[in-house]
Amino acid sequence: MTGREAAADALLIRPARPDEAAVLAAIEDAAAVQFVRIGMDLGATASDPAMLAARAAEGSVLTASLAGRPVGFAILTTVDGNAHLAELDVAPDVQRRGIGRRLIEAVADRARAAGHSGLTLTTFRDVPWNGPWYRRLGFTELPAEAQGPALRQIRAAEARRIDPLGPRIAMIRGL
């Protein structure tokens, strides 16, 4: 077994607790630094620990931990009748170990169990660990005319505050 496989085997994905919100916010902020390195400062979209605590309290957040240390998380909501991945972050020091992929699979399993037939998200089209990465995981671009009203609203809000950093798209994966 390689070190990478051992790390993946030791990964625990579970519902996040509200008292972990500050740690999750720090993971989100650290992951945002990766964008700065390619000239995209997401500072205006910095994490909100109170929102993370509230989402964890309602059961919408899954966290990935290694040796008891949270190293990533995903926020799952519902948009236009589909499960929606509202956020996915992995701590930079453990990226490229399959943690994000495992979180996506856990989110998909949870969404499927809840009766959803699709999983949507919005992301940067061209950033390698965004659009291209999600395509490798089975997501396809969802054209504007195929988006429901709530997803169109999300995209409109992003167009005002995030799109100036780079083109964003909506994507979907069947469950």
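The values are calculated or read from the model by the stated rules, or taken from the named source; none is laboratory data. The model shown is predicted, which means the values in this text are computed figures rather than measured ones. Note that we place each Cβ from the backbone using ideal geometry, even for glycine, and neighbour counts take in every protein chain shown. These accessible areas exclude ligands, DNA and RNA; they are computed on the full protein's heavy atoms, side chains included. Shrake-Rupley method; radii C 1.70, N 1.55, O 1.52, S 1.80 Å.
Per residue, what accessible area does the chain have, given a 1.4 Å probe and all protein chains present, in Å²?
Per-residue value: 49 Å².
Rounded to the nearest 500 deg cm²/dmol, what is the calculated helix-only ellipticity per residue at 222 nm for the chain, with -39500 (n - 2.57) per DSSP H run of length n ≥ 4?
Value at 222 nm, helices only: -11500 deg cm²/dmol.
Filter the DSSP H helices in the chain by two things, a Kyte-Doolittle mean of at least 0.5 and an axial alpha-carbon span of 30 angstrom or more, and list the hits by number.
none
Projecting each Cα onto the charge dipole of the chain (Lys/Arg +1, Asp/Glu -1 at the beta carbon, about the Cα centre), which of 86, 117, 26 comes out farthest on the positive side?
Towards the positive end, the residue furthest out is 117.
How high is the FRET efficiency between residue 34 and residue 58 when r is their beta carbon distance and R₀ equals 41 Å, given to the nearest 0.05? Write down the numbers at each step before the final one.
Working: r = 28 Å, r/R0 = 0.68.
The pair residue 34/residue 58 has a calculated efficiency of 0.90.
Under a Cβ-Cβ cut-off of 14 Å, what is the net charge of the residues other than residue 36 that fall near it, where Lys and Arg count +1 and Asp and Glu count -1?
-2
Hey, with R₀ at 41 Å, roughly what FRET efficiency would residue 135 and residue 19 work out to, going by the Cβ-Cβ distance, to 0.05?
Between residue 135 and residue 19 the formula returns 0.70.
Could you calculate the FRET efficiency of residue 159 with residue 77 from 1/(1 + (r/R0)^6), where r is the beta carbon distance between them and R0 is 22 Å, rounded to 0.05? List each step's numbers first, then the result.
On the way: r = 19 Å, r/R0 = 0.88.
For R0 = 22 Å, the calculated efficiency reads 0.70.
Got the relative contact order for the chain handy, in percent, Cα pairs under 8 Å and 6 or more residues apart?
Values: 273 pairs, mean separation 36.0, N = 175.
Across the chain, relative contact order equals 21 percent.
Throw me the Rg/Rh for segment 15-158, computed over C-alpha atoms with Kirkwood Rh, two decimals.
Ratio of gyration radius to Kirkwood radius: 0.93.
From the C-alpha gyration tensor of segment 71-131, pull out the three semi-axes of the equivalent ellipsoid (sqrt of 5λ each), sorted largest to smallest, in whole Å.
Values: eigenvalues 89, 38, 15 Å².
With the √(5λ) rule applied to segment 71-131, the semi-axes are 21, 14, 9 Å.
Would you mind calculating the gained length between residue 51 and residue 112 on full extension (0.36 nm times residue separation, minus the Cα-Cα distance), in nm to one decimal?
This chain segment gains 19.5 nm when fully extended.
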